[in-house]
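Colleague: This structure is in structure tokens; I'll ask about it shortly.
Read-outs throughout are calculated quantities, based only on the coordinates presented, and are distinct from any laboratory measurement. Small disclaimer: the values here were computed from a predicted structure and weren't measured. Here Cβ is always computed from backbone atoms with ideal geometry, including for glycine, and neighbour counts include all displayed protein chains.
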Amino acid sequence: MEAVDLGLWSVPLAVFAGAIRVSTPFLFVSLGECLTERSGRINLGLEGTLVFGAMSGYAVSYLTGSAWLGVLVAGLAGSLFGLLHALICNMPKVNDIALGIALMMLGTGLAFFLGKNYIQPQAPNLPAISLGSWSDLAPVRSALEINALFIIGLILVPSLIFFLNHTRWGLMLRTVGDSEDAARAIGFSVKGVRTFSTMAGGFLAGVGGSFLSLYYPGSWSEGLSSGQGITAVALVIFARWNPLYCFYASLLFGGAGALGPALQAVGITSGYYLFNAAPYILTLIIMIFSSSSTHRFAGAPGELSVTR
Amino acid sequence: MSVKNNISRRSVLRGMVGVGALGMVSSSMLVKTAMAGGTVTIGFVYVGAKDDYGYNQAHAEGAAALKSIPGVKVIEEENVAETNDVQKTLESMINLDDTKLLFPTSFGYFDPHMLKVAAKYKDLTFLHCGGLWTEGKHPANTGSYFGYIDEAQYLSGVVAGYASKTKKLGFVAAIPIPQVLRNINSFTLGAQSVDPSITTQVIFTGGWSEPVKEAEATNSLIDQGVDVVTCHVDGPKVIVETAEKRGIYSCGYHASQASLAPKGYLTGAEWNWAKVYTDYVTSYLKGEEIPNLVRGGLKEGVVKTSAYGPAVSAEAREHADAVKAQFMAGEFVIYKGEIKDNKGNVVIAAGQSNSQTDIALESMDYLVSGVIGDVRS
């Protein structure tokens with residue numbers, strides 16, 4: 001490997017590479033939560049689902065030797081958590097937020113408990129697709145090692161938009177999310193639709209978790225998630241319940257997360273706590289500028305408990 | 001409230017019987033522990049998972065070595081945060097398991113948590129890893145132990161100095177505390193003993209266990225042309241794996257990560273807590289006085305180095321082995337003047353020599369010349 005000094009150019013490169021590497025779990029969880037919230041329910045438990053997905057994906061990949069099977073199992077485990085959330089929320093007078101917090105703890109705790117034996121072993125990781133073979137620069141080649149899950153996430157974005165806006169099922173989901181009364185009047189099963197969308201959201205969150213353990217950083221440990229799941233839930237509000245904005249917001253968060261280490265690597269060494277906090281400062285600023293005391297969030301589903 | 005009236009004489013009586021039974025249970029338990037006599041329970045508290053390929057695993061391996069000593073029962077709790085949680089854990093180990101000797105192993109457990117609990121239970125012994133026990137300031141039933149792992153880091157630096165072609169080394173560190181800075185400095189000085197032009201680029205992640213940031217830091221370092229990376233974080237697994245994936249060399253820390261990087265793993269700085277814990281417990285069982293401050297390096301067997309990986313040249317082995325022999329003889333001094341920090345100030349004057357046991361080194365607050373990084377956050 002020849003060394004090429006990119007100097008300060010390596011910062012934007014690292015932010016770009018980081019945006020792709022770090023953003024994938026944000027992308028999957030926020031797309032999943034977007035779907036769930038569009039049906040009128042908030043599942044705060046996705047942090048637990050993410051951690052459980054990371055653990056189960058890693059364990060299955062280790063036991064079977066197939067990383068993709070791990071991703072599938074992580075997704076299925078995620079949808080089971082979604083099903084649990086939905087079934088309990090379907091009962092009268094259940095607060096979806098409180099339940100979400102409970103499920104967050106359950107998911108994390110179960111993952112730690114069952115994952116004890118999988119901290120040590122090395123499981124097969126997901127393959128990456130090399131798009132940088134045209135470049136002689138090792139950093140560029142490495143930045144363009146794109147994981148297949150990111151590409152799947154990329155395809156999911158327009159698919160979800162199409163699903164929500166141009167299909168009968170999407171319309172049903174949005175109706176349930178915007179007005180329970182209207183949905184009932186048409187004869188839609190409100191509980192059924194919400195159960196489906198929470199399960200689908202859980203599936204995506206589980207897959208997002210498996211990305212953490214199976215690709216980047218690429219191994220299961222109890223400190224693996226530093227709140228990516230809960231951040232992604234917040235991203236959905238920030239992204240105005242629009243899958244395309246979810247994608248942008250995830251990229252932004254991924255890139256901001258890569259900024260701290262990248263700046264230190266080129267020798268800008270002071271203020272790293274501040275740079276490490278960049279994603280959160282960014283969220284605060286955008287939230288402050290986009291909030292309003294007079295009208296509710298544009299695009300917010302009408303039945304969502306936090307905006308109702 | 002009507003609830004009050006619901007307490008009938010019968011339920012009161014039933015309650016009293018229950019309390020009586022409990023009393024009987026507890027008294028019989030007391031008898032039981034008294035009868036067991038020789039068995040002493042020793043408690044270990046870890047900040048993370050005890051199989052993390054790192055800090056906690058090193059301690060857990062040490063604790064496991066105690067299990068073979070007759071009359072010793074080891075209890076452990078993992079994932080205990082450096083907050084009031086650790087006080088609760090210590091209290092429950094004391095009150096529920098009758099633990100006599102406690103090892104809270106994480107840096108942040110010492111002050112105020114362990115000190116508080118120790119002041120309450122004066123007849124028990126508390127030994128902390130990493131803290132600096134000071135006579136008069138800290139209770140007599142507490143103590144601290146630590147190893148001069150920077151000796152092993154110096155040797156890693158020597159090996160890294162030979163392996164590096166770009167003359168740029170990388171160091172992923174958690175937080176700029178003296179122990180971490182000392183490791184960074186010793187690693188760099190070791191490498192510079194091979195080639196004075198070598199630099200070490202440091203990235204602080206801001207936390208002991210931040211897998212995503214550690215991976216990101218390692219990638220950033222590699223993008224800058226770093227070709228040997230080492231670290232001081234709780235779980236080096238992610239860093240060593242990332243280095244191996246990107247095809248560069250790595251030096252391990254805490255425990256051996258050789259199996260994670262069969263091609264690029266050079267050597268590593270490892271703890272040998274089994275020795276420290278066995279010594280402590282043997283003298284405790286004999287009823288000897290336990291020293292309040294225990295320190296030791298390669299010579300005392302508190303730290304060790306990983307076996308050399310396949311990429312280490314014969315020349316590097318020879319050099320590192322020669323320095324190691326000097327450490328074993330107690331003759332080698334890493335911090336020998338003149339040493340300048342990376343801002344150009346002289347931190348150790350010419351002719352001055354701070355040997356390993358020098359307490360001044362335990363409050364290190366600078367990075368030596370050749371390290372690219374900043375102690376201030």
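Colleague: Note down the nm distance, to one decimal, between modelled labels 7 Å out along Cα→Cβ at A:A102 and at B:A81.
Modeller: With each label placed 7 Å out from Cα toward Cβ, I get 2.2 nm.
Colleague: Any chance you could check the Cα centroid distance between segment A:7-29 and segment B:52-128 for me, in angstrom?
Modeller: About 40 Å separates the Cα centre of segment A:7-29 from the one of segment B:52-128.
Colleague: Given a Förster distance of 41 angstrom, what is the FRET efficiency for B:L96 paired with A:L63, based on the Cβ-Cβ distance and rounded to 0.05?
Modeller: So the FRET efficiency works out to roughly 0.70.
Colleague: Using Cβ contacts closer than 10 Å as the measure, can you line up A:I151, B:I348, B:I248 from fewest to most?
Modeller: Sorted ascending by nearby Cβ count, the order is A:I151, B:I348, B:I248.
Colleague: Enter the angle in degrees (range 0 to 90, nearest 10) between the Cα long axis of helix B:9-36 and the first principal axis of the Cα atoms of chain B, meaning the one along which they spread out most.
Modeller: 50
Colleague: Lys/Arg Cβ at +1, Asp/Glu Cβ at -1, dipole of the protein assembly as shown taken about the Cα centre: which of A:A262, B:P310, A:I88 is farthest positive-ward?
Modeller: A:I88
Colleague: Sticking with this one: Pairing the Cα long axis of helix B:55-66 with the longest principal axis of chain B, what angle in degrees results, from 0 to 90 and rounded to the nearest 10?
Modeller: 60
Colleague: Something else now. About the Cα centre, and with charges only on the beta carbon of Lys, Arg (+1) and Asp, Glu (-1), how big is the dipole of segment A:7-290? Nearest 20 debye, please.
Modeller: Once rounded to the nearest 20, the dipole reads 380 debye.
Colleague: I've got another one for you. With 10 angstrom as the radius, rank B:S250, B:S256 by how many other C-beta atoms surround their C-beta, starting from the fewest.
Modeller: Ranking B:S250, B:S256 by Cβ neighbours within 10 Å, fewest first, gives B:S256, B:S250.
Colleague: Which value in nm describes the separation of the simple spin-label points at A:L274 and B:K336, placed 7 Å from the Cα toward the beta carbon?
Modeller: Here the modelled spin labels are 4.2 nm apart.
Colleague: Do any of B:K263/B:K299; B:K165/B:K263; B:K275/B:K324 go past 23 Å between their Cα atoms, and which?
Modeller: Pairs exceeding 23 Å: B:K263/B:K299.
Colleague: Distance between the C-alpha centers of segment B:200-225 and segment A:151-198? Whole Å please.
Modeller: Cα centroid to Cα centroid, the span is 41 Å.
Colleague: Same structure again: Just want to confirm a number: the relative contact order over chain B, from Cα pairs under 8 angstrom separated by 6+ residues, in percent.
Modeller: 16
Colleague: Quick check on the exposure proxy: order B:Y162, A:Y280 from fewest to most C-beta atoms within 10 angstrom.
Modeller: Listing B:Y162, A:Y280 from fewest to most nearby Cβ atoms yields A:Y280, B:Y162.
Colleague: Moving on. Ranked highest first by the average count of other Cβ atoms within 10 Å around their residues, in what order do B:307-320, B:199-212 fall?
Modeller: Descending packing order for the listed peptides: B:199-212, B:307-320.
Colleague: Please state the charge dipole magnitude for chain B, taken about the Cα centre, from unit charges on C-beta atoms (+1 on K and R, -1 on D and E), reported in debye and rounded to the nearest 20.
Modeller: 1180
Colleague: Please list the non-local residues whose amide H lies under 5 Å from the amide H of B:V40, H modeled 1.01 Å from N, same-chain partners needing a gap of 5 or more.
Modeller: B:V72, B:K73
Colleague: Then there's this: Does anything in segment B:119-152 have its amide N under 18 Å from the 7 Å Cα→Cβ label point of B:S283, and if so which residues?
Modeller: B:124-136, B:139-148
Colleague: How high is the relative contact order of segment B:39-147, in percent, counting Cα pairs under 8 Å that sit 6 or more residues apart?
Modeller: Relative contact order, segment B:39-147: 26 percent.
Colleague: For peptide B:204-210, how many partner chain Cβ atoms fall within 10 Å of a residue's Cβ, on average?
Modeller: Counting Cβ atoms of other protein chains within 10 Å of each residue's Cβ and averaging gives 5.
Colleague: So, with +1 on the Cβ of K and R and -1 on the Cβ of D and E, and no other charges, what is the size of the charge dipole of segment B:39-147 about its Cα centre, to the nearest 20 debye?
Modeller: Once rounded to the nearest 20, the dipole reads 340 debye.
Colleague: Something else about it: Sum -39500 (n - 2.57) across every DSSP H segment of at least 4 residues in chain B, then divide by the residue count to get the 222 nm mean residue ellipticity, nearest 500.
Modeller: -12000 deg cm²/dmol
Colleague: Applying 1/(1 + (r/R0)^6) with R0 = 41 Å to the Cβ-Cβ distance of A:S305 and B:D123, what FRET efficiency is obtained, to the nearest 0.05?
Modeller: 0.15
Colleague: So which helices of chain A fit the span-like rule, where a helix is a whole DSSP H run, its Cα atoms reach 24 Å or more along the axis, and its mean Kyte-Doolittle is at least -1.0?
Modeller: A:10-38, A:46-64, A:67-89, A:96-115, A:148-166, A:190-214, A:243-265
Colleague: Positive end of the dipole of segment A:102-228, charges at C-beta (+1 Lys, Arg; -1 Asp, Glu), about the Cα centre: which of A:I151, A:G201, A:W220 has its Cα farthest in that direction?
Modeller: Highest projection toward the positive end goes to A:G201.
Colleague: Okay, next question. Take every Cα pair under 8 Å in chain A that's 6+ residues apart, average their separations, divide by the length, and report that relative contact order as a whole percent.
Modeller: Rounded, it is 36 percent for chain A.
Colleague: A further question on this structure: Projected onto the charge dipole of segment B:109-248 (+1 at Lys/Arg Cβ, -1 at Asp/Glu Cβ, origin at the Cα centre), which of B:P196, B:F146, B:F126 gives the Cα projection farthest towards the positive end?
Modeller: Final value for the positive-end residue is B:F126.
Colleague: If you don't mind, there's one more thing I want to ask. Counting only helical runs of four or more DSSP H residues, what would the 222 nm mean residue ellipticity of chain A come to if each run contributes -39,500 (n - 2.57) and the total is spread over all its residues?
Modeller: Value at 222 nm, helices only, nearest 500: -23000 deg cm²/dmol.
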